[in-house]
Amino acid sequence: MRVIAGTYRSRILKSLKGQALRPTSDWLRETLFNVLGPVVAGSRFLDLYAGTGAVGIEALSRGAAESVFVENHAAAAKLIQENLASLKIVSGVQLIAADASQALARLAIRPRGAFDFVFLDPPYAAGREYETTLSTLGASKLLSPAAIVIAEHRKSFQLAESFGVLQRFRVLKQGDAALSFFRLGSDAK
């Protein structure tokens, strides 16, 4: 697994052995950031269920001002720290070792402001996590007016069209995975 583009292009990222994590593939990550384009530069990025941290690190590599990583699995949280250290990334990052619900509650009271991008990739078998997390985001003040929320999921798994004020506007399928893109509905902006 490697960083696709930007400052840390081609740098190798570590992963956990075995089935403990299912990192977003290089191919899917490249597609995601090609879709998001240059607006990632200067943005605030939230990587929920961060695993190896590859998505948030890719955002930083492409110029994001900040990436916040949320990971509940202790070994994966340690791995994110190791990947950040191996790239010598020390500013513009925060790692929250907690489950997504707890982390979102903590982030809701922080003074730094809203996120421009939120990426979530819960374990594919944890279908309720998608609904819980997207509903929490849709009811929160954590999103900037032009925020994009991206959920990676199994291609065969159908997410709802909306979660609170979040409205799905695109689904991109690649291999056995899919990315569902959400933004605030017009009545929420």
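The values are calculated or read from the model by the stated rules, or taken from the named source; none is laboratory data. What you are looking at is a predicted structure, and each value in this text was computed from that prediction instead of being measured. When we count neighbours, we look across all protein chains shown, and the Cβ atoms used for this are built from the backbone with ideal geometry, even at glycine. Accessible surface areas use protein heavy atoms only, side chains included; no ligands, DNA or RNA. Shrake-Rupley method; radii C 1.70, N 1.55, O 1.52, S 1.80 Å.
Annotations for the structure displayed:
For (1) small (Gly, Ala, Ser); (2) on the phi > 0 side of the Ramachandran plot, each residue gets a yes or a no:
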{"position": "Ile89", "(1), (2)": "no, no"}
{"position": "Val93", "(1), (2)": "no, no"}
{"position": "Ala97", "(1), (2)": "yes, no"}
{"position": "Ala100", "(1), (2)": "yes, no"}
{"position": "Ala108", "(1), (2)": "yes, no"}
{"position": "Gly113", "(1), (2)": "yes, yes"}
{"position": "Phe119", "(1), (2)": "no, no"}
{"position": "Pro122", "(1), (2)": "no, no"}
{"position": "Leu134", "(1), (2)": "no, no"}
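- Looking only at region 82-98, and only at residues there that are surrounded by fewer than 17 Cβ atoms within 10 Å (Cβ to Cβ) and within 16 Å of the chain's Cα centre (by Cα), the one that is nearest to Arg128 (Cα to Cα): Ala98
- Within region 95-110, residues that are touching a residue at least 24 places away in the same chain (Cβ under 8 Å) reach partners that are hydroxyl-bearing (Ser, Thr, Tyr) and part of a helix (DSSP H, G or I) with beta carbons closer than 7 Å, at six or more positions or on different chains, in the pairs Ala100/Thr133; Ser101/Thr132; Ser101/Thr136; Leu104/Thr136.
- Checked against the criterion of being open to solvent by less than 70 Å² (accessible area, probe 1.4 Å), of a type outside the set (A, V, I, L, M, F, W, C), in contact with a Leu (Cβ under 9 Å, 6 or more places away or on another chain) and at pLDDT below 95, region 100-112 contains not a single residue that satisfies it.
- Residue match in region 98-107 (condition: touching a helix residue (DSSP H, G or I) at 6+ places or on another chain (Cβ under 7 Å) and over 27 Å from Ile12 (Cα atoms)): yes
- Selection of region 29-48 for residues being open to solvent by 10 Å² or more (accessible area, probe 1.4 Å), more than 16 Å from Ser180 (Cβ to Cβ), assigned to a helix (DSSP H, G or I) and not acidic (Asp, Glu) yields Asn34, Gly37, Pro38, Val39.
- Test: residue in region 135-153 that is open to solvent by 10 Å² or more (accessible area, probe 1.4 Å) and assigned to a helix (DSSP H, G or I): yes
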